[in-house]
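Visitor: Please see the structure below; I have some questions.
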Amino acid sequence: MNIILIGPPGAGKGTQAQKLVVERGIVQLSTGDMLREAQASGSEMGQKVKDIMARGDLVTDEIVIGLIAERLDSGAAGAGAIFDGFPRTLGQADALGEMMASKGLALDCVVAMTVDDDALVARVTGRFTCGNCGEVYHDANKPPKHANTCDKCDAKDSFKRRPDDNEESMRTRLFNYYRDTSTLIGYYHAKGLLKTIDGLGEIEEVAGRMNVALDG
Ligand code: ADP
Ligand code: ADP
Ligand code: ZN
C-alpha cells in the first residue's frame with residue numbers, strides 16, 4: 001500500500017506514520033528526517049539546507065525529489081510506503097506521480113489531516129524525539145513512561161528538540177503550508193484519491209480514523 005500524509009507542521013503525520021509502519025509493515029519516507037540526517041552527516045547538501053530549514057522555508061524541489069528518487073530506486077519501498085512530508089508542492093507531486101508510474105507503483109490513498117493553528121503551535125513547541133530511534137514525544141500529550149528514557153528503544157538521555165520548533169519558524173512554516181502545500185488537497189481530490197480526517201483528539205482516536213480512511 002502506498003499512502004501520502006498531508007498536513008500542516010505538527011498535525012501528527014510522523015506520529016501516525018510510525019504507527020502504520022508497525023501495523024502494516026511498510027516504510028516511512030520522511031523528507032524532513034532525510035534532510036536532518038543529511039545535516040547531521042555534515043554533507044554539502046546538509047549544510048546548504050540548514051538555514052532554510054531553521055527559518056521554516058521549503059528547500060528546493062530538486063533536492064527532495066532527488067532524496068525520494070534514491071529511496072524508490074533502492075527498492076526500499078517494495079512492500080509499500082508512507083510519504084510523510086512529501087510532496088509539498090505541485091512540482092513535487094507531479095514528479096512523484098511520474099517516478100511511481102515509471103516503476104509500476106500506484107498511489108492508493110492520500111490522507112489530509114486537519115488541525116487548527118493554535119493546537120499546531122502547542123504541538124510543535126512541546127515536541128521532542130529520541131535521537132537514537134526517532135520516536136516522537138510531546139511534553140504534555142505523549143511523555144515517555146520514564147523521564148529521560150525512550151519507551152521504544154530504551155536509550156537514556158537521547159531526547160532532542162528541533163531548532164525549527166519555535167513560534168517564529170512555525171509562523172513561516174504555516175504560511176508556506178497554506179500557500180504551497182494545501183493546494184495539493186485539491187490536486188489529489190481531483191484524482192479521486194483524497195480522504196480527510198480530523199487530526200484533533202487522542203493519538204489513538206486519530207489512528208482509528210486513519211484506519212477507517214485507509215481501509216473503508
Ligand atoms: P514538520 O514535521 O513540521 O511537518 P518536516 O520534518 O516534514 O516538518 O520538515 C522540516 C523542514 O524540512 C521543512 O520546514 C522544510 O524546510 C524541509 N522539508 C521537508 N520536506 C520538504 C519538502 N517535501 N519540500 C521542501 N522542503 C521540505
Ligand atoms: P508532524 O509530523 O505532522 O509534524 P508529529 O507527529 O511530529 O507531527 O506531531 C507533532 C507533536 O504533536 C509531537 O510532539 C507529537 O507527540 C504530538 N502529537 C501527535 N499527534 C497528537 C495528537 N493526536 N494529540 C496531541 N498531540 C499529538
Ligand atoms: Zn528511542
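The values are calculated or read from the model by the stated rules, or taken from the named source; none is laboratory data. Everything numeric in this text was worked out from a predicted model, so none of it was measured. Note: ideal-geometry Cβ built from the backbone for every residue, glycine included; neighbour counts use all protein chains shown. All accessible areas refer to the heavy atoms of the entire protein, side chains included, with ligands and DNA or RNA removed. Shrake-Rupley method; radii C 1.70, N 1.55, O 1.52, S 1.80 Å.
Visitor: Using a 1.4 Å probe on the protein heavy atoms, what percent of the accessible area of the chain belongs to carbon and sulfur?
Guide: On the way: 5490 of 10700 Å².
Using a 1.4 Å probe with all protein chains present, the chain comes out at 51 percent carbon and sulfur.
Visitor: Say a paramagnetic label sat at a point 7 Å from the Cα of residue 156, along Cα to Cβ; which residues of the range 118-147 have their backbone N under 20 Å from it?
Guide: Once the point is set 7 Å along Cα→Cβ of residue 156, 129-135, 144-147 turn out to lie under 20 Å by backbone N, inside the range 118-147.
Visitor: Enter the Cα centre distance for the pair the range 39-95 and the range 127-176, rounded to the nearest angstrom.
Guide: Cα centroid of the range 39-95 versus Cα centroid of the range 127-176: 21 Å apart.
Visitor: Give the accessible area for residue 156 in Å² (nearest 10); use a 1.4 Å probe, count only protein heavy atoms, and leave out ligands, DNA and RNA.
Guide: For residue 156, solvent-accessible area is about 140 Å².
Visitor: Please list the helices of the chain that count as membrane-span-like by this rule: a mean Kyte-Doolittle hydropathy of at least -1.0 together with Cα atoms stretching 15 Å or more along the helix axis, each helix being a complete DSSP H run. Could the numbers behind the result be given before it?
Guide: On the way: long enough: 13-24 (16 Å, -0.83); 44-55 (19 Å, -0.74); 61-73 (17 Å, 0.63); 90-102 (18 Å, 0.36); 203-215 (18 Å, 0.25).
Once both thresholds are applied, what remains is 13-24, 44-55, 61-73, 90-102, 203-215.
Visitor: How much length, in nm to one decimal, is gained on full extension between residue 178 and residue 101, taken as 0.36 nm per residue of separation minus their Cα-Cα distance?
Guide: Value of the extension gain: 24.9 nm.
Visitor: Rg over Rh of the chain, using C-alpha atoms and the Kirkwood radius, what does it come to?
Guide: For the chain, the value is 0.93.
Visitor: Hey, another quick one. Ratio of alpha-carbon Rg to the 2.2 N^0.38 Å globular estimate for the range 30-155, to two decimals, please. Please list the in-between numbers first.
Guide: Working: Rg = 16.6 Å, N = 126, 2.2 N^0.38 = 13.8 Å.
It is 1.20.
Visitor: Might you tell me the accessible area per residue for the chain, computed with a 1.4 Å probe and given in Å²?
Guide: About 50 Å² of surface per residue is accessible.
Visitor: Please report, for the Cα atoms of the range 1-41, the Rg to one decimal and the Dmax as a whole number; what are they, in angstrom?
Guide: Here Rg and the maximum Cα pair distance are 11.2, 31 Å.
Visitor: Here's a follow-up. With the crude spin-label approximation of a point 7 Å out along Cα→Cβ, what separation in nm comes out for residue 51 versus residue 21?
Guide: 3.2
Visitor: Charges only on Cβ, +1 for Lys and Arg, -1 for Asp and Glu: so what's the dipole of the chain about the Cα centre, in debye to the nearest 20? Could you put the intermediate results ahead of the total?
Guide: On the way: 25 positive and 32 negative charges, 31 e Å.
My answer is approximately 140 debye.
Visitor: Could you work out how much longer the chain between residue 37 and residue 90 gets when fully extended? Use 0.36 nm per residue separation minus the Cα distance between them, nm to one decimal.
Guide: 16.6 nm
Visitor: So, how do all the Cα-to-Cα distances of the range 99-187 break down into 5 Å bins, in percent, from 0 on up?
Guide: 3, 11, 17, 15, 14, 14, 13, 9, 3, 0
Visitor: Going down the list 13/195; 13/103; 19/48, which pairs span over 21 Å between their C-alpha atoms?
Guide: Exceeds cut-off: 13/103; 19/48.
Visitor: With viscosity set to 0.692 mPa s and temperature to 37 °C, compute the Stokes-Einstein D of the range 164-216, Rh being the Kirkwood radius across alpha carbon pairs; µm²/s, no decimals.
Guide: Stokes-Einstein gives a translational diffusion coefficient of 250 µm²/s.
Visitor: Could you give the Stokes-Einstein D for the range 10-78 in µm² per second, using the C-alpha Kirkwood radius, 25 °C, 0.890 mPa s?
Guide: So the translational diffusion coefficient is about 185 µm²/s.
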